[in-house]
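The values are calculated or read from the model by the stated rules, or taken from the named source; none is laboratory data. Keep in mind that this is a model prediction, so the values were computed, not measured. Backbone-built Cβ (ideal geometry, glycine too); neighbour counts: all protein chains shown.
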Amino acid sequence: MTKAFKTSALLLLAALLLHGAPCRAEHKDTSQVRFIPMKWEHLPDLNIPRAGHRFFVANGEMVVVGGHTDGFVRTATAEYYKNGEWHLVKTIYPHDLGFSLKLGNGDYLLGGGCADDFGIGRTFGVERYDPLSHAFAPYPILDTMRAICSAALLSSGEILVSGNWYAADAIAVSDGIGPFEAVKKSAQNRSSPFIFTYGKNDAVIFGSNGSRGEPLPPVVDRLHGDPFIPDLLAEWMPATDYDSSYPEKKSVTDPETGRLYYLFRGSREDGAQSVISFADGAFSLVKTDPEIPVEGPWGAITWYQSLYVDPVRGVALMPGIDEHDRVYLLSLDYRPMFKGEAVPIKVFYTTHLMKKVVDRPALILPDGRFVAAGGYRPGDSMGNYNPLAEVVAFYPFEDAESPAGGVWWPWAVAAVLLVAAAILLIIRRKRKNSAPEASGDPEMPEPAEDVRYRSLYLQLCEVMEKEELYTRQGLSLADVSSHMRTNTRYISSCISAGAGLSFVEFVNGYRIRKAQELMLAHPEMRMNEISDAVGFTNESSFYRNFKIVENCTPQQWLERNKRQA
């Protein structure tokens, strides 16, 4: 019996012995946050790939509405999930980057969106979705053409809208009978603002993104009253984005007092994350125990979007990802907040490395699953032209079993080990019977061949510097290995051995250094131009990675180095 088979047999035995034990291999970092493995599954794909759509639960069914499909072309369609499949229906308008709002009777209101393909323009159109008949009916139009806007239901039953894209903004109201009418001008032109209602027919409107996506100072509008700047939001920037503007996904109610709270994520300049609540007209910081981690067992965690509330289980979920494409769901039990106590948190993660599925329209199902549907993966510069039909469900429960039932992982591990051992045996037998041939796709080198790591690493650095491969947006490990005529594992290992970095860290290091050169040599260039020139897919990724490398913003680095020069 070969050594490979002996090793596999022992591992198989260990896996089978563990089969009856709970599958909860938890990990802890220095902040003592519990990291718990999480199951996930692919649900049936949507009939139409789409991004810029709305995603909600109506009458117990998942529903996607509007958006754009292949080629960045708007689609006037919706789909609802019933009996294990998606059913396609027609809408009146496409609502590509429009708003959705749950009404008091369970119907949903859809409004606004882009007037043309490619995300161009804005529209007046509003319609109402009846989840019982799966039909859409016309509704009074908006006060002005709007896209990337938000809506909320006032205590009077009136509907409040605000927000716009590449256009002036205003706060408007409709009673559902007549068209929306502007009631006051917004203090800031915002896109996808939060609208939180409170008291007797009042509301606050605020956000972190301007009408062109630019950062905004923390000015809060009130439906009745003057704008103000809360001290808390001056320190913690509210995390708003297209999918964060559903008020019903953010609201929780104290069962004893009936007090309504809204929960959302805040981000501080130093990268720290927080949970902020809004209730009775006031903002307050929710204390978490421990603090929200920005580092995990496998490196830095980037938290996406805002919080999603699960009122059935009394928790709120926040999606995140690391550089290895491991998906996280931070879970916090918000119920101690009602008594002024710290809320406990824990983090669920996928052991399987995935593409970035969390930065997409998402929701929590009544059974507690967190589902992301359609959209596009961050980092894909052509994502709007190639949206996804993929639907993924995550199980953020400590006692969750695999979708197929039972504890599956020991059997999967054992199967992989046995297959790997069989392949290794075949390769060794072939090598004994024939001389080795030169190949452009060499096997993983043995430790004794460290000199080959160093040689390839030096060649790679030379290629990076002379050909500036890192300036290609979306550059992948496969792209580099193909260019170097070797395989991905060899490239990854030589970078790790030569620089002690992951592939992403290695490439971003070159990008940051090139950006610094451009900032000093070409002060007339804007940061978004520099970000694009050095290979980052968007400006926020540039800022985030620059801060990781230099522990300061690009502007701060530039000012410091200008003074030194």
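Data table
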{"quantity": "Enumeration of residues in region 122-144 that are over 17 Å from Lys90 (Cβ atoms) and acidic (Asp, Glu)", "calculated": "Asp143"}
{"quantity": "Residue selected from region 46-65 under the condition part of a strand (DSSP E or B) and not aliphatic (A, V, I, L, M), by the criterion nearest to Ala373 (Cα to Cα)", "calculated": "Phe55"}
{"quantity": "Matching option when the condition is out of contact with any helix residue (DSSP H, G or I) (no Cβ under 8 Å at 6 or more places or on another chain) and either closer than 12 Å to Ser150 by Cα or free of Cβ contacts under 8 Å to residues at least 12 places away in the same chain (or both), among Ile205, Ile195", "calculated": "Ile205"}
{"quantity": "Those residues of region 283-336 which are aromatic (Phe, Trp, Tyr), under 21 Å from Leu233 (Cα atoms) and over 15 Å from the mean Cα position of the chain (by Cα), in sequence order", "calculated": "Phe283, Tyr334"}
{"quantity": "Of residues in region 88-97 being in a loop (DSSP other than H, G, I, E, B) and touching a residue at least 40 places away in the same chain (Cβ under 8 Å), the one nearest to the chain's Cα centre (by Cα)", "calculated": "Leu97"}
{"quantity": "Given (1) at pLDDT 95 or above; (2) under 19 Å from Ser251 (Cβ atoms), number of the condition Glu85 does not satisfy", "calculated": "(2)"}
{"quantity": "Test for Gly112: is it surrounded by 14 or more Cβ atoms within 10 Å (Cβ to Cβ) and modelled with pLDDT under 95", "calculated": "no"}
{"quantity": "Residues satisfying the stated conditions in region 71-87, i.e. part of a strand (DSSP E or B) and either closer than 20 Å to Leu132 by Cα or among the hydrophobic types (A, V, I, L, M, F, W, C) (or both)", "calculated": "Val73, Thr77, Ala78, Glu79, Tyr80, Tyr81, Lys82, Glu85, Trp86, His87"}
